[in-house]
Structure formats: structure tokens, C-alpha cells
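Read the structure below first, then the notes.
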Amino acid sequence: MTILAALEQATQAIGAPYFLLPIAGRDHPIKRERVYCYELFHQLRLALRDSQLTLTGEPDKRGHPDFPPINPDFILHAPGGHEENTAAVEVECRVGLEHLIKDLRNLKAMRERGYGTLVLLLFANNDVPWPKLAQAAREADIGLGEIAVLLHRAAGLAATREHPPAPAAD
């Protein structure tokens, strides 16, 4: 199973309390990336159970001789070497420019270390902020065509792969 198919299956299995966290004394639940990521990790491990590769959550690359000091949200790889650096995933619910730039810089660093599939998974948003994402990509010096952008709109639905809008015809 590819990482994109596994992410589709895993995101569909994420329940409401992991998608938006209910808070005591508040009328509305809130977005919490860590809560979502922990459940996504669990669901991804189930989806990838037949894979020979290892799913690692937030591996700390500080001090690693081959990486800058980054912590991607997830990587799919064979630990101990660089021969099977398969996928890197960044998860984000905050779509501010600074958050997007950081995530795209992390993905660029992972691509430079041989990771073949790069994924930006946005959750609890209705749309991809394409103009802001394009600006972030320019700032991070990475092409949007190198990244699979997934949008997970609601609990119980699978994340869908999104594509930038076509340029307007003159």
C-alpha cells in the first residue's frame, strides 16, 4: 500500500474527539495537532501493518550528521540507512504563512535526504489556502508540484488530494 492510500484509509478512521478536541467549559471543540497526530499515527500503523518499512512519529533529527535540526511529523523508512527513505509527512491545522513555511522547509530537507514522497496534510480546514501555500513554497524554495497536498475536512471523511487551481485564461 502506498503512503497516500494509507493516509486516505487512516484519515477516514479518525474519530471526532481526535479531529477536534472537546474542552471542558467550552461550547466548541478546538484543533490540536498533537492529538490528531497521535491518532493518525495509530491509524497509519494499522493501515501499513503489512509494510516492511517503519513509520516513525516526529523523529528528532538534532545531532544527526546527515540532517539539519528538524522534526518532521512522520517518516516512512527503513531505519539505520538511507536506501529506503520513502515518505515524509507534515501535518498542519494552522494555515498561517509562518507555519506553512516551516513545514515546507522540513519537507524540502527530507527530499534532499532522499525521501521520495512528500506530503503536506492539512486538517480541520475547508479549503487549501493556495495563494498562501504558493508564497510559502517560494519562501521555502520548493515547488508545489513536488508535494502531495492532502485536505482532511472533517472526522469520518478521508483526506483528499488537492491540486492548485488552474491559472486563469487570458
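The values are calculated or read from the model by the stated rules, or taken from the named source; none is laboratory data. Quantities reported herein were computed from a predicted structural model and do not represent experimental measurements. FYI the Cβ positions are ideal-geometry reconstructions off the backbone, even for glycines, and counts take in every protein chain you see.
Within the range 17-29, identify whether any single residue is surrounded by 14 or more Cβ atoms within 10 Å (Cβ to Cβ), without any contact (Cβ under 8 Å) to a residue 60 or more places away in the chain and of a type outside the set (A, V, I, L, M), and answer yes or no.
yes
Does the range 120-139 hold any residues that are part of a helix (DSSP H, G or I) and surrounded by fewer than 17 Cβ atoms within 10 Å (Cβ to Cβ), and which are they?
Scanning the range 120-139 gives Trp130, Pro131, Lys132, Ala134, Gln135, Arg138, Glu139.
Check off (1) among the polar types (S, T, N, Q); (2) surrounded by 18 or more Cβ atoms within 10 Å (Cβ to Cβ); (3) under 13 Å from the mean Cα position of the chain (by Cα) for Asn71 and give me the number that stays unchecked.
Unmet condition: (2).
Touching a helix residue (DSSP H, G or I) at 6+ places or on another chain (Cβ under 6 Å) and either in a loop (DSSP other than H, G, I, E, B) or at pLDDT 95 or above (or both): is that true of Pro164 in this structure?
yes
Which is closer than 27 Å to Phe19 by Cβ and over 11 Å from the mean Cα position of the chain (by Cα), of Val149, Val89, Val128?
Val128
Go through the range 146-163 residue by residue and tally those that are over 12 Å from Gln12 (Cα atoms) and either touching a residue at least 24 places away in the same chain (Cβ under 8 Å) or in contact with a Phe, Trp or Tyr (Cβ under 7 Å, 6 or more places away or on another chain) (or both).
Count: 7.
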